[in-house]
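See below for the structure under consideration.
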Amino acid sequence: MSGIVIIGAGQAGSSLALKLRALGYDGDVTLIGDEPVPPYQRPPLSKKYLLGDMALDRLYLRPRDLYTEQLISLRLNTQVTTINSAENSISIRDETLSYDHLALTTGSTPRLLPAAIGGRLDGVFAVRSLADVDAMQPAFGRGGHVLIIGGGYIGLEAAAVAAAKGLKVTLVEMADRILQRVACGETSDYFRALHQSHGVTILEGVGLERLTGEGHVTGAALSNGQTLEIDFAIVGVGILPGTGLAEAAGLTLNNGIETNSQGQTSVPNIWAAGDCASFPYQDGRIRLESVPNAIDQAEVVAANMMGAGQDYTATPWFWSDQYSVKLQIAGLNTGFTDVVVRDSGTARSHWYYKSGALLAVDAMNDPRAYMVAKRLIEAGKSADPAIAVDPQSDLKALLQG
């Protein structure tokens, strides 16, 4: 057997496999996943699925029968052990599969707490996979006190679900403020107030010293000397790109699996896309952890496997749902020097600038601001801050400048 083998059956892997067929590729396509379920959406895991508002079958990206119809061999619950790039093959236990092209869409894995500080106690959960969320759902049903470790978007989304379920919620963030790594102070202030209005206790500049308990977590000691009695804990302290197979195969790593602008890795006939891949962007290199990037990058890689020679141009955008607030983010705010705030009372947006150039927007229940900003950023245009900040102004006028 040869053809195309894809390791990683998530959003990027599924998109790549289906795009190959849409483009007319008629060779063998094998999609390998280490989970026992078909490719599924991850963002709803910490939102609607955890709340119980989304059924399991609605999580799946495509009906399983579609892979069969498209002649895609979907191999689930399967762990690839090695890549032999010299022979264009991979090993699955004692089985060897050859390939003409190999795609790594291995995603990312959550950072875990060390066992030495209680990170392996029962009742300590991460939020990354379906199995993770299924494991923690009974704890939500029992109520009690949950400790959220980490004030990024995953931690805040979990806190919102817990508060909506009626749990007592304490969130600790080691940095000076929540969302410090990814957002301006104004956005941090907005979401801090939102969570506090729903009864969540937020402790900033406070780290976790250790979790305690005999077998099951029952308490936490914090860096400010405070101790808490808790019923379970959720860890949301970031993710790491899935690079283990790539590293063992000798591929170049650079904040993930390094690729060129077309998705090719440092080894011929091996490609990468999605959370695991870093790629050229403007004057540097980035790795994007988002659904749109996973889809778009994977589809470009599919075309390039068939000889398109197409560069991937990222258009970063993200979202988060917390309580009744939908946050939509357009662009990347890296290096911003100024922020202007547009606030109409029911809708709010934060516009990031660097030396007068628009970089990004955080839009809270403000889809018009998001769409205008996204179009401007994609076109390489800026926006007059005086118009952006005035809630009475017509945002569409920014598109005509």
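Laboratory data are not the source of any read-out in this text; all were calculated from the coordinates shown. Everything quoted here is computed from the prediction, not taken from an experiment. Every residue, glycine among them, receives a Cβ derived from its backbone with ideal geometry; neighbour counts consider all protein chains shown.
Structural remarks
- Span-like helix criteria (full DSSP H runs; alpha carbon extent of at least 15 Å along the helix axis; mean Kyte-Doolittle hydropathy of at least 0.5) are satisfied in the chain by 153-164.
- Footprinting exposure proxy for ASP34, ASP57, ASP134 (fewest neighbouring C-beta atoms within 10 Å first): ASP57, ASP134, ASP34
- Pairs of Lys in the chain closer than 16 Å at Cα, counting only those 8 or more apart or on different chains: 8
- With 10 Å bins from 0: P(r) over the chain, alpha-carbon pairs, percent: 5, 21, 28, 26, 17, 4, 0
- Kirkwood Rh in Å, taken over all unlike Cα pairs in the stretch 324-399: 11.9 Å
- Extension gain for the segment ARG120 to ASN255, taken as residue separation times 0.36 nm less the Cα-Cα distance, is 45.9 nm to one decimal.
- Separation between Cα centres of the stretch 300-338 and the stretch 222-283, rounded to whole Å: 16 Å
- Long-range amide H partners of ALA277 with built H, under 5 Å: ILE257
- Within the stretch 155-221, the ratio Rg/Rh, alpha carbon atoms throughout and Rh by Kirkwood, equals 1.01.
- Between THR201 and ALA347, the modelled labels are 3.8 nm apart [label points 7 Å from Cα along Cα→Cβ].
- All-pairs Cα distance distribution in the stretch 102-146, expressed in whole percent, bin size 5 Å: 5, 17, 21, 23, 16, 8, 5, 3, 1, 0
- Counting only DSSP beta bridges with both residues in the chain, the antiparallel share comes to about 60 percent.
- Each residue, ALA379 and VAL182, gets one label point 7 Å from its Cα in the Cβ direction; the gap between the two is 2.9 nm.
- The mean sequence distance of close C-alpha pairs (under 8 Å, at least 6 residues apart), as a share of the length of the stretch 98-250, puts its relative contact order at 33 percent.
- Per residue convex hull volume, Cα atoms of the stretch 112-235, in Å³: 98 Å³
- For the stretch 62-99, the list of GluC sites (Glu not before Pro) that fall in a loop by DSSP and count at most 12 other C-beta atoms within 10 angstrom reads GLU87.
- A simple spin-label model places the labels of LEU66 and TRP319 1.7 nm from each other, with each point 7 Å out along Cα-to-Cβ.
- Net charge, HIS198 excluded, C-beta distance under 12 Å - Lys, Arg +1, Asp, Glu -1: +3
- Percent of Cα pairs in the stretch 258-401 per distance bin of 10 Å, from zero to the largest separation: 12, 36, 29, 18, 5, 0.
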